[in-house]
Structure formats: C-alpha cells, structure tokens
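A short write-up of the structure that comes next.
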C-alpha cells in the first residue's frame with residue numbers, strides 16, 4: 001500500500017506506553033495532567049495497531065528506541081532496548097521502521113550499538129531527545145553519532161524547540177543545527193516537533209540547508225503556526241513531513257485536522273508521504 005508515513009510514533013505496545021508515559025513521572029505530569037491527554041495513553045498489541053493503520057491509510061510508522069534522560073535526577077527516564085523495537089520491525093518489516101535512540105554518554109560503545117541496530121536489526125534512522133542530557137545539539141558529544149549516521153547514510157530525527165519536561169529547552173534550539181548541517185552536508189537532519197516556539201528559526205534553516213527537514217510531530221495540526229502552514233504549502237513543499245509523537249497526538253485526530261488546513265494537493269502528498277520516502281530512501 002502507498003499511504004501516509006509517520007516519522008515519529010512512540011512505542012505503542014502496552015509495555016512501551018507504560019515505560020514512556022505511565023511510569024515516567026515528568027512525561028505523565030506534563031502530557032497526562034497538564035495537557036489533559038491521559039486518556040490517549042493506552043497500549044495496543046501490534047496486530048491491533050496495524051489494523052488501525054490500515055483503517056486510516058497509514059503505510060508506515062517510525063518507532064524510536066527512545067533514550068530520554070531526567071535532567072534534574074541525573075538518570076534515564078526512558079531507555080528502550082534496541083531489541084524491543086527490533087521485534088516489532090521483524091514482525092512487520094513493511095509497516096514499522098526502527099529508529100535507534102542515542103545516549104551521548106555511551107560514547108563509542110553507543111556508536112557501535114547504533115551501527116549494529118542498522119546493520120543487524122534493520123533500523124532505518126536514528127533519534128535524539130537532547131534535553132535531559134543537558135547537551136546542546138551542536139555539542140561535541142553528539143558528533144561521533146552524527147558522523148556514523150552520515151557514514152551509514154541514514155537520517156536522524158531530532159526533537160527541537162522547547163522541552164515540555166523539566167529540562168533545559170535551549171539544548172534544542174533549531175539554530176544549533178546550523179553548525180551540524182554545515183559540518184555534515186550529507187547528513188539528513190529531521191528537526192521534529194516544529195521547533196516551537198522558534199518555528200521561523202527552523203523554517204529559515206530548512207530553507208537554507210538542502211539536508212535540513214522539518215517534522216510536525218508533537219503538535220496537533222490545528223495549533224501549527226501559520227508561518228509553518230504557509231511554508232509547507234508553498235516554497236517548503238518537500239521540506240516538511242508528517243509525524244504525531246503518538247500517543248500525544250492520535251493519528252486519526254492529526255489526519256482529520258490536516259484535511260481542514262486547505263492544503264494544495266501536492267503539498268499534502270509531500271507532507272504525508274513523499275518527503276519521508278525521499279529522506280528515508282524508502283522503496284516506492
């Protein structure tokens with residue numbers, strides 16, 4: 001099938017939702033209590049989730065083996081094993097795409113594990129949640145991982161913008177990716193979560209650098225900045241791709257709201273599928 005591609009869908013199984021949302025007090029407080037999304041935090045068995053994807057016309061979801069640290073507690077808040085996500089990829093290789101989460105403090109051992117995830121487990125990209133580690137996106141600790149992604153010819157999905165949790169938001173300012181894009185022109189950088197509140201900063205980077213893209217995960221379409229909607233519907237066609245950060249944003253909710261944006265047909269195709277196919281080098 002040729003359908004929509006979600007470039008950031010969190011592990012959706014009961015154990016995945018429990019680990020990332022229910023047992024993660026900072027995430028649950030902000031997203032479950034502050035934002036009132038607790039009712040979304042239900043796990044699904046893979047077969048049920050694939051059936052939902054079929055019903056909504058979703059071809060693939062990219063699922064990160066998320067590595068998220070608690071900044072104030074100096075410990076990991078979410079630490080998914082690559083093998084856990086690899087099981088989902090093996091079960092549904094045409095529908096679930098693995099992303100290797102990065103812990104920069106694992107240093108070269110982490111770089112070797114990243115390569116293993118790609119070469120042995122079939123992962124198609126990497127993933128960074130920078131805030132809890134307290135390292136800006138252009139810090140030296142990330143560069144060995146950036147270099148390995150460039151060598152492996154895989155894109156990297158990076159949360160940008162503010163941190164909803166109790167972590168330093170400045171670590172994820174989009175402008176920090178300017179240095180990375182200049183140093184690694186061959187590395188495909190997907191700046192996720194729209195870069196809010198620095199949306200126009202991220203738009204400027206995506207317009208400047210051929211290797212910088214925007215993902216709209218983490219924000220419901222009805223709340224996307226007008227400047228972002230204008231960009232993805234005009235000169236930014238082919239630079240923006242769909243993501244949900246499920247279960248924060250539900251797939252049906254997001255797709256319904258996108259239909260209400262009045263996008264050009266070519267802009268909607270690029271947003272929902274074509275840009276992801278190009279950046280991840282999926283087969284048509």
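None of the figures in this text is laboratory data; all of them are computed from the coordinates on show. This is a predicted model, so every value here is computed, not measured. Using ideal geometry, Cβ is built from the backbone for each residue, glycine included, and neighbour counts are taken over all protein chains shown.
Counting other Cβ atoms within 10 Å as a rough exposure proxy, the listed residues 278, 67, 222 run 222, 278, 67 from fewest neighbours to most. For the chain, adding -39500 (n - 2.57) for each run of n ≥ 4 DSSP H residues and dividing by the number of residues yields -9000 deg cm²/dmol at 222 nm. When both bridge partners sit in the chain, DSSP labels roughly 15% of those beta bridges antiparallel. Between residue 256 and residue 179, the modelled label-to-label distance comes to 4.4 nm, taking each label 7 Å out from Cα in the direction of the beta carbon.
Take 74-85, 230-241 and order them by the average number of nearby Cβ atoms within 10 Å per residue, most first; the result is 230-241, 74-85. Using a simple spin-label model with pseudo-atoms 7 Å out from Cα toward Cβ, residue 281 and residue 226 lie 4.1 nm apart.
Under the criterion of Cα pairs below 8 Å and six or more residues apart, the relative contact order for region 4-280 equals 18 percent. The modelled label-to-label distance for the pair residue 79/residue 55, using points 7 Å beyond Cα in the direction of Cβ, is 3.7 nm. As a proxy for reagent exposure, ranking 131, 44 by other Cβ atoms within 10 Å from fewest up yields 44, 131. For the listed peptides 10-18, 189-197, a ranking on the average number of other beta carbons within 10 Å per residue, highest first, reads 189-197, 10-18. Using the Cβ-Cβ distance between residue 39 and residue 107 with R0 set to 41 Å, the FRET efficiency from 1/(1 + (r/R0)^6) comes to roughly 0.55.
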